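Undergrad: Got a structure for you, questions after.
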Amino acid sequence: MSAAKAIRLHATGGPEVLELETVDVGEPGPGQARVRHSYVAVNFIDIYFRTGRYPMPLPNGLGSDAVGIVEAVGDGVTDIRAGDRVGYLLGPQGAYADVRVMPAEVLIPLPAGVSDRTASTLMMKGMTAQYLFRQVYPLQGGETILYHAAAGGVGLVACQWARAIGVTMIGTVSTDEKAEVARANGCAHTIVTTREDIAKRVREITDGRGVPVVYDSVGKDTLMASLDSLQPRGTLVSNGTTSGPVVIDTTLLAVKGSIWVTRPAMVHYATPRSKMLAMADELFGHVLAGRITGEPKQEFALADAAEAHRALESRRTTGATVLVP
């Protein structure tokens with residue numbers, strides 16, 4: 001047994017429930033690998049687990065997205081070896097740690113041209129952009145789309161991905177400063193929600209047509225604006241609920257134009273393993289070609305995970321936030 005530092009929670013609640021503890025980490029068993037983290041990503045879904053919106057057994061670790069180096073592998077592991085640089089975004093909670101044992105099947109080898117620092121920004125967020133843009137509603141190029149929270153961690157990757165494939169992205173942001181960041185990353189049009197009417201601006205930008213798809217990670221507060229921005233038979237991709245859960249009367253979908261609605265989850269698009277590796281190949285292809293870049297905008301020590309959550313919840317952040325063990 002060796003000791004590791006890990007963030008644990010024994011009850012759900014505010015950021016103060018996150019505690020730094022010393023835990024024992026053993027040797028990897030069959031099908032497992034032990035990974036020493038270089039960076040751990042902080043994602044908004046972590047807040048859902050911390051607050052209990054997404055239930056999990058307690059006590060437990062937190063976090064599902066990290067990069068690092070493999071220290072050892074267990075029996076039966078053939079495509080991952082000690083010394084490999086890897087990242088992951090699936091598997092059990094517990095990424096907020098300096099070292100942990102993981103199922104080897106969720107580990108993704110990192111290409112030589114992609115640094116740990118870049119991978120920590122792009123692993124979950126880039127793979128999310130991949131499945132939203134290439135699988136949930138497959139964009140072909142030439143479309144005009146609406147994307148909420150365009151200056152967030154996933155949003156900035158989405159801006160770049162849209163530009164790379166020839167999609168005109170309309171992005172919502174909360175401030176003029178965030179609008180500048182989104183445009184610098186490839187967002188063609190920005191809407192500052194604190195002073196602009198979202199649906200009205202979308203109609204102006206699209207000459208009254210609306211958009212075929214809206215990617216809405218905000219939820220309750222933007223639902224009506226999203227529906228009012230769509231073309232008839234358009235698609236609402238509800239990929240988050242940062243402002244609260246979405247409740248829809250299906251009659252409203254008919255009134256708004258026979259709208260399609262989906263609430264996708266990464267696990268259903270990134271499994272089996274062959275699918276996850278293909279998604280990563282597409283993402284890293286864009287990165288190695290220079291079409292998508294990423295570096296953390298905020299860094300916190302592992303012990304300061306609670307402060308990282310406070311920053312994320314208060315909307316003081318842009319782009320990606322990471323913990324450094």
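Undergrad: Is region 281-290 home to any residue that is within 26 Å of Pro103 (Cβ to Cβ), surrounded by 15 or more Cβ atoms within 10 Å (Cβ to Cβ) and among the β-branched types (Val, Ile, Thr)?
TA: yes
Undergrad: Please go through region 77-91 and pick out each residue that is touching a helix residue (DSSP H, G or I) at 6+ places or on another chain (Cβ under 9 Å) and of a type outside the set (Val, Ile, Thr).
TA: Matches in region 77-91: Asp79, Arg85, Gly87, Tyr88, Leu89, Leu90, Gly91.
Undergrad: What is the one condition in (1) touching a residue at least 12 places away in the same chain (Cβ under 8 Å); (2) on the phi < 0 side of the Ramachandran plot; (3) of a type outside the set (Ser, Thr, Tyr) that Gly52 does not satisfy?
TA: Against the list (1) touching a residue at least 12 places away in the same chain (Cβ under 8 Å); (2) on the phi < 0 side of the Ramachandran plot; (3) of a type outside the set (Ser, Thr, Tyr), Gly52 comes up short only on (2).
Undergrad: When you check Arg273 against the structure, is it among the basic types (Lys, Arg) and either more than 28 Å from Glu105 (Cα to Cα) or exposed (fewer than 15 other Cβ atoms within 10 Å of the Cβ) (or both), yes or no?
TA: Numbers: among the basic types (Lys, Arg): yes; either more than 28 Å from Glu105 (Cα to Cα) or exposed (fewer than 15 other Cβ atoms within 10 Å of the Cβ) (or both): no.
Spelling it out, it is not the case that Arg273 is among the basic types (Lys, Arg) and either more than 28 Å from Glu105 (Cα to Cα) or exposed (fewer than 15 other Cβ atoms within 10 Å of the Cβ) (or both).
Undergrad: Could you check region 158-240 for helices (runs of 4 or more DSSP H) lying wholly inside it with 2 or more residues that are in contact with a strand residue (DSSP E or B) (Cβ under 7 Å, 6 or more places away or on another chain) and crowded, with 24+ Cβ neighbours inside 10 Å?
TA: Here the list reads 223-229.
Undergrad: So, of the residues in region 79-92 that are assigned to a loop (DSSP other than H, G, I, E, B) and at pLDDT 95 or above, which turns out to be surrounded by the fewest Cβ atoms within 10 Å (Cβ to Cβ)?
TA: Gly83
Undergrad: Taking into account only those residues within region 254-268 that are aliphatic (A, V, I, L, M) and in contact (Cβ under 8 Å) with a residue 24 or more places away in the chain, which is farthest from Phe44 (Cα to Cα)?
TA: Quick first cut of region 254-268, residues aliphatic (A, V, I, L, M) only: 254-255, 259, 261, 265-267.
Subset that is in contact (Cβ under 8 Å) with a residue 24 or more places away in the chain: 259, 261, 266-267.
On the way: Ile259: 27, Val261: 22, Met266: 14, Val267: 16 Å.
Among residues in region 254-268 that are aliphatic (A, V, I, L, M) and in contact (Cβ under 8 Å) with a residue 24 or more places away in the chain, the one farthest from Phe44 (Cα to Cα) is Ile259.
Undergrad: Now a separate question. For region 291-325, give me each residue that is outside any strand (DSSP E or B), small (Gly, Ala, Ser) and either crowded, with 17+ Cβ neighbours inside 10 Å or in contact (Cβ under 8 Å) with a residue 12 or more places away in the chain (or both).
TA: Within region 291-325, Gly294, Ala303, Ala305, Ala306, Ala308, Ala311, Ala320 qualify.
Undergrad: Just one of Tyr137, Tyr96 is touching a residue at least 60 places away in the same chain (Cβ under 8 Å), under 30 Å from Arg203 (Cβ atoms) and either buried (at least 20 other Cβ atoms within 10 Å of the Cβ) or among the hydrophobic types (A, V, I, L, M, F, W, C) (or both); which is it?
TA: Exactly one residue qualifies, and that residue is Tyr137.
The values are calculated or read from the model by the stated rules, or taken from the named source; none is laboratory data. These numbers were taken from a predicted model, which means no experiment stands behind them. Virtual Cβ from ideal backbone geometry, glycine too; neighbours counted across all protein chains shown.
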